[in-house]
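What follows is a set of notes on a single structure, which appears directly below.
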Amino acid sequence: MLNIFAIENPENSMEWMIFLANKYAGMFWKGTGLTLFIAVLGTLLGFLVGYVIGMIQDAQISPGDHVIRRLLLKLIKFAAAVYVEIFRDTPMIVQAMIIYFGIRQAGVEITPVSAGILVTVLNTGAYMAETVRAGIGSIDQGQREGAWAMGMSPMKTMVYIVLPQAFKNIIPEMANTFLTNLKMTSVLNVIAVQELFMAAKTVGGNYYKYFESYLVIAVIYFVLCFAFNKVFNFLEKRMSGKSDYALAAEYMDND
């Protein structure tokens, strides 16, 4: 693809970047594809986990509930809180090492890619849980009370009234989480996931040109994040609607 810029005897850093990008284009492309795959799948599944955990954290315990239900809900909420705190308060690179080697030590075969996806999902779920909880909390309580007054159960109220509105509010944070995951997949090289950073590490070792190799993936990361950021900004503006409308009440006040 970059053959028109092919350099046989590179002499400076720029020429080495072009040389490595040409010679190992396949490896860089493969690493980029795996990075995107883990980031996309990890974010989507992590978002679902975060949605469930956020709903659990938002669940209310009423004095009139059966004692077993109250006890069970307290235990679930406690387990969810522990999960969130553990994954929010420890580095992702440490989580990757513990999960991958811990699972293998338990006698369960797991590939580095599967472990990497699992780590990304659990890490994303912990952060998205707080975002979902805040998104749910941003919905006016009066809407819930109105739904209850019409005979809707708390679960139906959450599914049909609260969650759709909360989803719109947390989309920007979901986009930011995806961009973070896109960059954080680089730590998964510690468990031998052949993502973009591992590709650069391997290529750099072939010629002892780590600086130039890492510059190549720096450009790739920048292009990916810049492009996705523009796409997310565009979608956010489209979903927010027009910004130049005036409320009917304002016209009435002016009459």
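The values are calculated or read from the model by the stated rules, or taken from the named source; none is laboratory data. On a predicted model such as this, the values are computed, not experimentally measured, just so you know. Cβ coordinates were reconstructed from backbone atoms using ideal geometry, including for glycine residues, and neighbour counts include every protein chain displayed. Surface areas here come from the heavy atoms of the whole protein model, side chains and all, with no ligands, DNA or RNA. Shrake-Rupley method; radii C 1.70, N 1.55, O 1.52, S 1.80 Å.
For segment 162-239, what's the relative contact order in percent, using C-alpha pairs closer than 8 Å and at least 6 residues apart?
Numbers: 39 pairs, mean separation 21.5, N = 78.
Taking the mean separation of contacting Cα pairs over the length of segment 162-239, I get 28 percent.
In the chain, what is the volume of the convex hull around the alpha carbon atoms, normalised per residue and reported in Å³? Spell out each step's value before the answer.
On the way: hull volume 47.6 nm³, N = 255.
Here the figure is 187 Å³ per residue.
The angle between the Cα long axis of helix 112-137 and the longest principal axis of the Cα atoms of the chain comes to about 30 degrees, rounded to the nearest 10.
Computed from Cα atoms, the angle from the helix 163-184 axis to the main principal axis of the chain rounds to 20 degrees.
Counting protein heavy atoms only, the chain has 66 percent of its accessible area on carbon and sulfur, 1.4 angstrom probe. Centroid-to-centroid, using Cα positions, segment 111-140 and segment 37-69 are 10 Å apart. Largest GNM mean-square fluctuation among Ile170, Ile56, Ile110, using the chain with Cα springs under 10 Å: Ile110. Spin-label model, Lys156 to Ala106: label points 7 Å out along the Cα-to-beta-carbon direction sit 4.0 nm apart.
Counting each DSSP H run of 4 or more residues in the chain as -39500 (n - 2.57), what helix-only mean residue ellipticity at 222 nm follows after dividing by all residues, to the nearest 500 deg cm²/dmol?
Details: 11 runs with 192 residues, N = 255.
Value at 222 nm, helices only, nearest 500: -25500 deg cm²/dmol.
Rg and Dmax over the alpha-carbon atoms of segment 1-114 stand at 23.7, 79 Å.
Listed by chain and number, the lysines placed with their C-alpha closer than 25 angstrom to that of Lys209 are Lys23, Lys30, Lys183, Lys201; residues fewer than eight positions away on the same chain are left out.
Along the Cα-to-Cβ line of His66, 7 Å from the Cα, sits a label point; which residues in segment 136-156 have backbone N less than 19 Å from it? Inside the label zone: 153-156. Label reach from Tyr208 (point 7 Å along Cα→C-beta): in segment 13-34, amide nitrogens under 17 Å belong to 13, 16. Quick one: among Asn123, Asn229, Asn12, which has the greatest mean-square fluctuation in a GNM of the chain with alpha-carbon springs under 10 angstrom? Answer for the Gaussian network model of the chain: Asn12.
The residues of the chain expose, per residue, 60 Å² of accessible area to a 1.4 Å probe.
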